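In what follows, a single structure is set out as structure tokens and then discussed.
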Amino acid sequence: MSKRTDGNKYYVLKEHAVPEVLLKVVEAKKLLDSGKIDTVQEAAELSGISRSSFYKYKDDIFPFYEDTKGKKITFLIQMDDEPGLLSNVLQSIAKENGNILTINQSIPINGVASLTLSVNILPEKGDSESMIEAIQACEGLHYVKILGSE
């Protein structure tokens, strides 16, 4: 296991596994960032949490996709062995302003192949959330998993 310089461990969770209070903190942060809300008290009230809960967790929770522009994401994709399917996945990434860094596809076994893709999210152009949704919308994929980001 690699050592982190900040001494913290990080985890990626699916939204349904995150406690409601943390999701409300994210909502309050978005309200503040929008500029429509001026005070933490107001943002906390609108989000349904206390001001102390906001301050307790504000530095510990943020949407995964929020900070990924100009970053690299590595995906593991399991897909059917069908002509044109890989091309569709690559086109969906290109349409979302992603730059392919590496591609590694296994030999299909029982009609299913594993694909590892490293993608650079282009700064000011790419939106990783839209990219992930576009990839997942491709027919013939069994699953899309994020292995890591940098």
Requested in this report: Output the residue which, of all residues in the range 94-138 that are within 18 Å of GLY84 (Cα to Cα), of a type outside the set (A, V, I, L, M) and touching a residue at least 12 places away in the same chain (Cβ under 8 Å), is least open to solvent (accessible area, probe 1.4 Å).
Outcome: CYS138
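Condition check ((1) in a helix (DSSP H, G or I); (2) over 21 Å from LEU13 (Cα atoms)) across all residues:
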position	(1), (2)
THR102	no, yes
THR116	no, no
VAL119	no, no
MET131	yes, no
LEU147	no, no
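The values are calculated or read from the model by the stated rules, or taken from the named source; none is laboratory data. Remember, it's a predicted structure, so these values are computed and weren't measured experimentally. As a convention, Cβ positions derive from the backbone with ideal geometry for all residues, glycine included, and neighbour counts pool all protein chains shown. These accessible areas exclude ligands, DNA and RNA; they are computed on the full protein's heavy atoms, side chains included. Shrake-Rupley method; radii C 1.70, N 1.55, O 1.52, S 1.80 Å.
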